[in-house]
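Novice: I have a structure here, written as structure tokens, and I will follow up with some questions on it.
The values are calculated or read from the model by the stated rules, or taken from the named source; none is laboratory data. Just so it is clear, the model here is predicted, and its values are computed rather than measured. No Cβ is skipped: glycine too gets one built from the backbone with ideal geometry, and neighbour counts run over all protein chains shown. Heads up: the accessible areas ignore ligands, DNA and RNA and are worked out on the full protein's heavy atoms, side chains in. Shrake-Rupley method; radii C 1.70, N 1.55, O 1.52, S 1.80 Å.
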Amino acid sequence: AGFLFSHASFLRLAPYDPYLPWIFMGEELAHTFRLWTAGFDIYSPNLDVLRHAYRRENTHKFWENVDRAFATGGIHNALVNLTVQRIQHLLGWPEAAQPSQVAEAWLLHRKDQFGAGAVRSRDAFDA
């Protein structure tokens, strides 16, 4: 998402986390953190070189499709409120830094496989 360019081989070292279903805001930060801690250097242009007008007045947004698939209004928000805790834990946010602070233990399933890399630290990422 966003402005990510790389050879696809980076996905072998830091694959997308399949335990973040229907996340729309936060997956880029989580994946950037995982890539950077795995040793990838991240660059960003200092000028706008690409824009995205996020407008689709006549079609459903993905979060609306989630509600339609489950035939329950608001299910998307309930799911995101749970799964965002996985991102918060990964990034060491105070409200989810410890596993005991995450609402459901299963939210941290396979966190070692889809967690921080071993080349750089979280503290270095935050610096």
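Novice: Just from its helices, what would the mean residue ellipticity at 222 nm be for the chain, if runs of 4 or more DSSP H residues each count -39500 (n - 2.57) and the sum is divided by every residue, rounded to the nearest 500 deg cm²/dmol? Numbers along the way, then the final one.
Specialist: Numbers: 5 runs with 46 residues, N = 127.
Calculated from helices alone, the mean residue ellipticity at 222 nm is -10500 deg cm²/dmol.
Novice: Right, next: In terms of solvent-accessible area of protein heavy atoms at a 1.4 angstrom probe, what is the ranking of E27, E104, highest value first?
Specialist: E104, E27
Novice: Measure off 7 Å from each Cα along the Cα-to-Cβ vector at L82 and T59, then give the distance between these two points in nanometres to one decimal.
Specialist: 2.9 nm
Novice: On to the next question. Using θ = phi - 60° and the Karplus form 6.51 cos²θ - 1.76 cosθ + 1.60, what ³J(HN,Hα) does each residue of the range 105-116 get, whole Hz, x for Gly and Pro?
Specialist: 4, 5, 5, 9, 4, 6, 5, 5, 6, 10, x, 5
Novice: Sorted by accessible area with a 1.4 angstrom probe, largest first, how do D41, D48, D67 fall?
Specialist: The ranking, largest first, comes out as D48, D41, D67.
Novice: Let me ask something additional. How big is the chain on each of its three principal axes, counting only the C-alpha atoms and giving the largest first in Å?
Specialist: Cα spread of the chain along its principal axes, largest to smallest: 44, 43, 26 Å.
Novice: Another one. I'd like to check one number: the per residue accessible area of the chain, probe 1.4 Å, reported in Å² as a whole number.
Specialist: Here the per-residue accessible area is 71 Å².
Novice: Moving on. Taking Cα pairs under 8 Å and at least six residues apart, what relative contact order does the chain come out at, in percent?
Specialist: Computed over the chain, the figure is 37 percent.
Novice: What FRET efficiency comes out for S44 versus R12 if R0 is 35 angstrom and r is the Cβ-Cβ distance? Round to the nearest 0.05.
Specialist: According to the calculation, E is roughly 0.90.
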